[in-house]
Amino acid sequence: MTEVFLVGGAVRDDLLGKVVKEQDWVVVGGSPEELTSQGYRQVGASFPVFLHPDSGEEYALARTERKQGHGYHGFAVDFHPGVTLIEDLERRDLTINAMARDEQGQLVDPFNGQRDLEQRVLRHVSDAFTEDPLRVLRVARFAARFADLGFTIHPSTLKLMTDMVRSGELEHLVPERVWSECEKAFGCSQPGKFIEVLRECGALEQLLPEVDRLFGVPQPEKHHPEIDTGIHVLMTMNLAADMGNDAKVIFALLLHDLGKGLTPESRLPSHFGHEKSGLPLVQGVCERFRVPGAYRSLALIVCENHLRCHRVLEARPSTLLKLIEDAGLLRQPERTENFLQACEADYRGRKGMESRSYPQAGRVRLGLAAAQSIRAADVETTGLEGPQIGEKIREARIAAISDALSPAD
């Protein structure tokens with residue numbers, strides 16, 4: 001007899017009192033032919049997943065998996081009608097994700113996921129956890145997602161994660177899967193926790209050595225009372241999340257101080273020029289994980305220009321225009337708010353300085369609006385050629401910025 005169960009995140013989030021955004025279902029005792037005959041549309045290459053003809057929700061046949069090689073495709077999948085719900089749930093990562101509800105709404109909880117929800121514990125279901133190295137990142141992501149609820153990782157699970165890292169399994173992860181987990185983590189309530197957990201189990205050193213080496217690197221206490229560069233980076237990420245910023249801003253903050261990891265020990269705690277020296281490292285991370293262009297461009301702009309933005313209150317109109325030009329805000333004004341939000345999070349993401357205001361953002365907005373008000377068609381360029389025309393327009397923009405910044409009579 002075919003049975004259908006609601007599984008995974010929908011069950012977990014409902015028990016946590018959170019809004020359920022999507023539902024996934026497991027079909028026990030069914031076959032691909034049975035589902036397609038009822039109008040379900042099959043998707044997925046490695047194992048059959050079916051989309052409901054009306055709701056579009058995903059229905060997967062109950063399945064078991066057996067590791068037989070490295071990587072995402074190194075599994076033998078069995079989804080014959082005899083696979084039970086318990087066997088399907090046992091292959092899942094965490095106990096809080098291994099619960100189900102039957103068609104009458106009764107909870108099926110063979111691995112005590114509800115108990116772990118109540119105790120705020122992230123615990124692996126079985127030793128099969130070690131068969132997929134991506135689960136190291138998934139647990140770190142759940143730690144970031146539920147950090148505000150007080151969830152912690154069970155010591156036995158953290159040990160498994162550490163053992164998996166030491167075994168070299170993470171080397172077989174494809175860049176797209178790593179980036180997918182990172183991107184989701186950057187949208188969590190405490191994205192810095194994601195990095196903390198990866199560092200604790202040794203994964204950060206393997207995946208993002210450029211970030212890992214920032215921990216323990218000192219900064220001038222006058223400007224950074226937290227001193228440690230890695231701690232500062234985590235503070236900026238969590239502050240940006242509190243400010244409601246999106247994943248692109250969080251990613252830019254993760255990488256904005258990479259250059260400090262290159263500072264010679266003899267020059268510490270000063271990091272003169274770290275903005276420029278960090279650019280090749282940012283580029284390298286983006287290439288390694290095939291980061292989307294919008295993320296890459298913002299990260300590079302923030303890395304190179306965050307200190308310049310902090311100093312705009314003392315900047316001349318020409319200097320402010322140069323920042324606006326170099327950050328690409330005239331060409332792509334839609335990136336302005338993300339750039340300013342990242343700079344503000346960096347400015348405030350320091351011990352004891354979290355509540356400071358950031359008037360620099362308003363000054364950049366004012367300068368940008370003034371520069372945008374000058375159109376090439378409105379500037380007298382008769383008799384001028386090539387670079388002369390550009391310089392004339394630039395002079396007009398500097399004058400407009402100067403007027404905008406001048407106090408009213």
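The values are calculated or read from the model by the stated rules, or taken from the named source; none is laboratory data. Every value quoted in this text rests on a predicted model; they were computed, and no experiment measured them. We place every Cβ from the backbone using ideal geometry, glycine too, and count neighbours over all the protein chains shown.
Tabulated results
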{"item": "Single condition residue 380 does not satisfy, out of (1) closer than 20 Å to residue 239 by Cβ; (2) modelled with pLDDT under 95", "result": "(1)"}
{"item": "Failed item, numbered, when residue 212 is tested on (1) acidic (Asp, Glu); (2) in contact with a Lys or Arg (Cβ under 9 Å, 6 or more places away or on another chain); (3) touching a residue at least 24 places away in the same chain (Cβ under 8 Å)", "result": "(3)"}
{"item": "Lone unmet requirement of (1) farther than 22 Å from residue 252 by Cβ; (2) in contact with a Ser or Thr (Cβ under 8 Å, 6 or more places away or on another chain) for residue 346", "result": "(1)"}
{"item": "Residues (modelled with pLDDT of 80 or more, surrounded by fewer than 13 Cβ atoms within 10 Å (Cβ to Cβ) and not small (Gly, Ala, Ser)) located in the stretch 383-409", "result": "387, 388, 391, 403"}
{"item": "Identity of the residue in the stretch 98-136, among the β-branched types (Val, Ile, Thr) and at pLDDT 95 or above, that ends up surrounded by the fewest Cβ atoms within 10 Å (Cβ to Cβ)", "result": "108"}
{"item": "Strands (runs of 3 or more DSSP E) (entirely within the stretch 25-80) containing at least 1 residues that are modelled with pLDDT of 75 or more and surrounded by fewer than 15 Cβ atoms within 10 Å (Cβ to Cβ)", "result": "41-43"}
{"item": "Out of 165, 178, sole residue that is within 21 Å of residue 296 (Cα to Cα), β-branched (Val, Ile, Thr) and assigned to a helix (DSSP H, G or I)", "result": "178"}
{"item": "Selection from the stretch 357-377 of residues that are modelled with pLDDT of 95 or more and basic (Lys, Arg)", "result": "363, 365"}
{"item": "Cβ pairs under 8 Å, 6+ apart, first in the stretch 353-370 and without any contact (Cβ under 8 Å) to a residue 12 or more places away in the chain and of a type outside the set (A, V, I, L, M, F, W, C), second in a helix (DSSP H, G or I) and surrounded by 15 or more Cβ atoms within 10 Å (Cβ to Cβ)", "result": "355/348; 356/347; 356/348"}
{"item": "Every residue from the stretch 86-114 that is part of a strand (DSSP E or B) and more than 19 Å from residue 27 (Cα to Cα)", "result": "94"}
{"item": "Residues within the stretch 350-409 that are in a loop (DSSP other than H, G, I, E, B) and either of a type in the set (Asp, Glu) or over 39 Å from the mean Cα position of the chain (by Cα) (or both), tallied", "result": "13"}
{"item": "Condition met for residue 204 (part of a loop (DSSP other than H, G, I, E, B), modelled with pLDDT of 95 or more and crowded, with 16+ Cβ neighbours inside 10 Å)", "result": "no"}
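This table checks each residue for (1) touching a Phe, Trp or Tyr at 6+ places or on another chain (Cβ under 7 Å); (2) among the β-branched types (Val, Ile, Thr); (3) in a loop (DSSP other than H, G, I, E, B).
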| residue | (1), (2), (3) |
| --- | --- |
| 283 | no, no, no |
| 291 | yes, yes, yes |
| 300 | no, no, no |
| 303 | no, no, no |
| 328 | no, no, yes |
